[in-house]
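The values are calculated or read from the model by the stated rules, or taken from the named source; none is laboratory data. As the structure is a prediction and not an experimental result, all values here were calculated from the model. Quick reminder, even Gly has a Cβ in these numbers, built from the backbone with ideal geometry, and neighbours come from all protein chains shown. These area figures cover heavy atoms from the full protein model, side chains too; ligands, DNA and RNA do not enter into them. Shrake-Rupley method; radii C 1.70, N 1.55, O 1.52, S 1.80 Å.
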Amino acid sequence: MVKICGIGAGYVGGPTMAVIALKCPSIEVAVVDISHSRISAWNSNKLPIYEPGLEEVVNQCRGKNLLFSTDVEKHVCEADIIFVSVNTPTKIRGLGAGKAADLTYWESAARMIADVSKSNKIVIEKSTVPVRTAEAIEKILTHNTNSKGIKYQILSNPEFLSEGTAIQDLLKPDRVLIGGNQDPEGLEAIKKLKDIYAHWVPQDRIITTNLWSAELSKLADNAFLAQRISSINAMSALCEATGAEVSQVSLALSKNTKIGPKFLNASVGFGGSCFQKDILNLVYICESNGLTEVANYWKEVIKVNDYQKSRFVHRVVTSMFNTVSGKKIAILGFAFKKDTSDTRKTPAIDVCKGLLGDNACLSIYDPRVNETQIQKDLSMDGVEWEHPIHLQPLSCSVVKQVNVVGDAYEATRDAHGLCILTEWDEFKTIDYQRVYENMQKPAFVFDGRNMLNVDKLREIGFIVYSIGRPLDQWLNNMKIMN
Ligand code: NAD
Ligand code: UGA
């Protein structure tokens, strides 16, 4: 029986290993992590992450061919194939701080593999890493185990899942990318991994490349996706200035088969743990290779994203007579997108901090994010949360002007304005007439996800701002005042 060990039981490691276990009953899959709290949650009825369909997959395999453990060394030692899905956050200090990927967790995983291994292994980069990381990993592995005569093959098998649709993405991937050495041993390792995916992925969707192409393709993939969002968000600002409507522009673009329909939704800005960190990583790699112009090109994608978030805050403040001081603002949605409880780099953090900076009182509701998480996100420096849970502070200060509540009606009661920051489906079916009646007047809606029916809201009496849509008279006048 082939034995797989997945190091890192996070948003990637947990779901990917669970799906491999589901699709390959003849393979024993052990998922290990240094975080005891995470592993005990994986072994409980309340999984550590919310992801539609994940619970069903885990319930089908856990206790059969899928196990979660903190005994990292034992399972690494026993495995034939090791997937490494540890975090690779942006470096906080030292050389390349603020841009380069922090490979501390990867390096310690590699050193541990070298220490405990007693047989040949295929080591797979699942985490997103800088191009040529495999070279460094190989050095760590071979340098430490020369005397034992153990052979390692390193493969790059980047993950392309999106949170909120992870299980569907894993069950029906549009592609699986495997990069490896092009010598006979490398090709044999590639084949072994290909055979695992072939249990459920059609052969023509499994692409094989050399190591560096696979590593760089992952960074390029995220950079291209984020670039599309910044492109449409840049257009949204121009739409507001000219009376064009961004959803109509998106529709027109989407019908161009050279462009396609996905990732054209203007928003308050992209969030999530990866886009910003991976672009920064790309920028650093370009700079390290003396490619200043290329680095500057990709930097703009992040700058436009920051601009979009501050533009939103600016709209809220200017619309409400140039101040939100002491005013209650309801925040509907805090997660970085719908169908996830993940708040890493969510645009809601910057928007809320911007409003708090103008002394607003926030009443926040998100169907999946709890108060502790929101308070942590608003009181801490964001980068700390990208590091493993056990390295994070146990408690943090409470932001007094923030109140986290249990539903949208409570959040909006007596509020002066409401902001939609995550596109949760349930926000479409709120009784906005009831909301309006219980709000201060004039009552404002700021739709950061372009998900509400603007005409209906205006009929009710709201003053509405929706990204990239023609401004109503009120907002136009306020623009002039400003
Ligand atoms: P995560 O923080 O949710 O999970 C990483 C886990 O690794 C943590 O639980 C941590 O405790 C554990 N860990 C760290 N060092 C370890 C060690 N030495 N031994 C054992 N466990 C260790 O991160 P994530 O979101 O799953 O991302 C992991 C990687 O996958 C990153 O490189 C990320 O860029 C990439 N990625 C993420 C996504 C996504 O949607 N989140 C998608 C594709 C790729
Ligand atoms: C993204 C990529 O889509 C995945 O392919 C990749 O594997 C993953 O990053 C990763 O490497 O971590 P994810 O961040 O989970 O996935 O979610 P996305 O659906 O890409 O959304 C990212 C952000 O962009 C969200 O804040 C979302 O609301 C925003 N977005 C997305 C828009 O503003 N407009 C869009 O049209 C699409």
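The table for this structure:
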| quantity | calculated |
| --- | --- |
| Tabulated pairs, region 150-167, first in contact (Cβ under 8 Å) with a residue 60 or more places away in the chain and open to solvent by 20 Å² or more (accessible area, probe 1.4 Å), second part of a strand (DSSP E or B) and within 8 Å of ligand 2 (Cβ to nearest atom), C-beta under 9 angstrom, 6+ apart or interchain | none |
| Any hit, region 208-221, residues being more than 11 Å from ligand 2 (Cβ to nearest atom), in a helix (DSSP H, G or I), under 22 Å from Phe312 (Cβ atoms) and open to solvent by less than 30 Å² (accessible area, probe 1.4 Å) | no |
| Residue list for region 236-261, filter: buried (at least 17 other Cβ atoms within 10 Å of the Cβ) and within 9 Å of Gly468 (Cβ to Cβ) | Ser236, Ala237, Cys239, Glu240, Glu245, Val246, Ser247, Val249, Ser250 |
| Residue within region 35-44 that is assigned to a helix (DSSP H, G or I), touching a Ser or Thr at 6+ places or on another chain (Cβ under 7 Å) and surrounded by fewer than 23 Cβ atoms within 10 Å (Cβ to Cβ) present | yes |
| For Lys337: the one exception among (1) surrounded by fewer than 22 Cβ atoms within 10 Å (Cβ to Cβ); (2) more than 11 Å from ligand 2 (Cβ to nearest atom); (3) touching a residue at least 24 places away in the same chain (Cβ under 8 Å) | (2) |
| Which listed residue, of Asn265, Asn281, is assigned to a loop (DSSP other than H, G, I, E, B), closer than 25 Å to Pro158 by Cβ and among the polar types (S, T, N, Q) | Asn265 |
| Region 151-175: number of residues that are touching a helix residue (DSSP H, G or I) at 6+ places or on another chain (Cβ under 8 Å) and more than 13 Å from ligand 1 (Cβ to nearest atom) | 8 |
| Filter result for Glu245 (more than 18 Å from the chain's Cα centre (by Cα), under 28 Å from Ala97 (Cα atoms) and not hydroxyl-bearing (Ser, Thr, Tyr)) | no |
| Region 342-370, subset within 16 Å of ligand 2 (Cβ to nearest atom) and open to solvent by 30 Å² or more (accessible area, probe 1.4 Å), residue farthest from Asp169 (Cα to Cα) | Asp350 |
| Evaluation of Gly290 against (1) assigned to a loop (DSSP other than H, G, I, E, B); (2) more than 23 Å from Asp472 (Cβ to Cβ); (3) open to solvent by 40 Å² or more (accessible area, probe 1.4 Å); (4) within 16 Å of ligand 2 (Cβ to nearest atom) (one fails), failing number | (4) |
| Count of residues meeting criterion [over 30 Å from Ser288 (Cβ atoms), open to solvent by less than 70 Å² (accessible area, probe 1.4 Å) and not acidic (Asp, Glu)] in region 45-92 | 23 |
| Condition met for Val129 (in contact (Cβ under 8 Å) with a residue 24 or more places away in the chain and within 31 Å of the chain's Cα centre (by Cα)) | yes |
| Flag for Val201 being at pLDDT 95 or above and closer than 30 Å to Thr422 by Cβ | no |
| Counted residues, region 106-124 - those being open to solvent by 10 Å² or more (accessible area, probe 1.4 Å) and in a loop (DSSP other than H, G, I, E, B) | 3 |
| Criterion (under 23 Å from Tyr11 (Cβ atoms), of a type outside the set (Gly, Ala, Ser) and at pLDDT below 95) met by exactly one of Ile92, Ile140 | Ile92 |
| Some residue of region 342-349 being assigned to a strand (DSSP E or B) and away from ligand 1 (no atom under 16 Å from the Cβ) | no |
| Residue satisfying condition, being within 25 Å of Val131 (Cβ to Cβ) and surrounded by 14 or more Cβ atoms within 10 Å (Cβ to Cβ), within set Leu95, Leu103 | Leu103 |
| Residue that is farthest from ligand 1 (Cβ to nearest atom), among those in region 9-29 that are open to solvent by less than 10 Å² (accessible area, probe 1.4 Å), touching a strand residue (DSSP E or B) at 6+ places or on another chain (Cβ under 8 Å) and outside any loop (DSSP other than H, G, I, E, B) | Ala21 |
| Tabulated pairs, region 266-281, first within 17 Å of Asp221 (Cβ to Cβ), second within 6 Å of ligand 2 (Cβ to nearest atom), C-beta under 6 angstrom, 6+ apart or interchain | Phe270/Ile229; Gly272/Phe336; Cys274/Asn222; Phe275/Asn222; Asp278/Thr128; Asp278/Asn222 |
| Test: Ile302 is over 22 Å from the mean Cα position of the chain (by Cα) and either more than 10 Å from ligand 2 (Cβ to nearest atom) or open to solvent by 70 Å² or more (accessible area, probe 1.4 Å) (or both) | no |
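Let's see how each residue does on (1) touching a Gly at 6+ places or on another chain (Cβ under 8 Å); (2) more than 16 Å from ligand 2 (Cβ to nearest atom); (3) in contact (Cβ under 8 Å) with a residue 60 or more places away in the chain:
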| residue | (1), (2), (3) |
| --- | --- |
| Ala18 | no, yes, no |
| Cys24 | no, yes, yes |
| Ile27 | no, yes, yes |
| Pro52 | yes, no, yes |
| Leu67 | no, yes, no |
| Phe83 | yes, no, yes |
| Trp106 | no, no, no |
| Ser119 | no, yes, no |
